[in-house]
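All remarks here apply to the structure that follows.
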Amino acid sequence: GWTPAAGSAVKVPDRDTVWKVEQGGTLTPASPVTLVWDNGQGVVFRRTIRVDENFLFTTTDEVENKTGAELKLHPYARVFREGTPKIEGFIVQHEGLIGVLGDSGLQEITYADVQKDGGSKDFNKITGGWLGFTDKYWASALIPDQTATYRGSLRVIQKKAATARESFQADYIQDAVTVPAGAKKAVEQRLYAGAKHVKVIEAYQEKYNIKKFDLMIDWGWFYFITKPMWHLLD
């Protein structure tokens, strides 16, 4: 979505916003869907959602500024998980929060460790990479524009009531996008929500130039041996 720059009062879509379908019907790999919402202040938001056969979602968020002044908005994304999931618990396979955040490299945090004091991590002025959750066979990963600068975090949101469950979040927010008066600006962001199939992951890495997306697969410390060995066996 979008969040206003500091000092801006522009109304942006939130979790309660009711969008209208502008184009398309059922979302399929062959048929994208475009949604539209007018904030009543002269700003129109459009979101086009695409998905491919392997469950890579691509969203194009466009802002049309019909006001007489420029707008500054930050694109953001988050993936959220409520409650600690059941995991296999193999010492040689990571399950939990994961990401490659620019030059900070691969980050792996278990659900137990992130709940400890100082377990959450924030990363500033990052370019390139991805972040999300990994299970044994499946993954959900946010993929920002690989040329944009952003702030990212892998964190826990502790329960506030005895009956509540802890929750986990991977998120990022990009530098502000300036939309001149009478103009349109769009950003493209991606979410992978599918199987950890080596050839699929590697194909996305090459196609979209995603920094070290192949590390979604837990190759272990001896990456330089295990990955070539897998390809040889395959």
Take segment 188-225 and flag every residue that is open to solvent by 50 Å² or more (accessible area, probe 1.4 Å) and either more than 17 Å from the chain's Cα centre (by Cα) or acidic (Asp, Glu) (or both).
188, 197, 199, 203, 206, 207, 218, 221, 222, 223, 224, 225
Test set (1) surrounded by fewer than 17 Cβ atoms within 10 Å (Cβ to Cβ); (2) part of a loop (DSSP other than H, G, I, E, B) - residue 185 fails condition number:
(2)
Just wondering, is there one or more residues in segment 147-163 that are of a type in the set (Gly, Ala, Ser), closer than 18 Å to residue 114 by Cα, at pLDDT below 95 and in a loop (DSSP other than H, G, I, E, B)?
no
Only one of 10, 51, 18 is without any contact (Cβ under 8 Å) to a residue 24 or more places away in the chain and either surrounded by fewer than 16 Cβ atoms within 10 Å (Cβ to Cβ) or not aromatic (Phe, Trp, Tyr) (or both); which?
18
Cβ-Cβ distance below 7 Å, separation of 6 or more or different chains: which pairs start in segment 193-206 with a residue that is touching a residue at least 24 places away in the same chain (Cβ under 8 Å) and end on one that is among the polar types (S, T, N, Q)?
193/140; 194/54; 200/54
Of (1) of a type in the set (A, V, I, L, M); (2) in contact (Cβ under 8 Å) with a residue 24 or more places away in the chain; (3) surrounded by 13 or more Cβ atoms within 10 Å (Cβ to Cβ), residue 36 satisfies every one except (2)
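The values are calculated or read from the model by the stated rules, or taken from the named source; none is laboratory data. These numbers were taken from a predicted model, which means no experiment stands behind them. Please note: Cβ atoms are built from the backbone with ideal geometry, for glycine as well, and neighbour counts cover all protein chains shown. The area values use the complete protein model at the heavy-atom level, side chains included, leaving out ligands, DNA and RNA. Shrake-Rupley method; radii C 1.70, N 1.55, O 1.52, S 1.80 Å.
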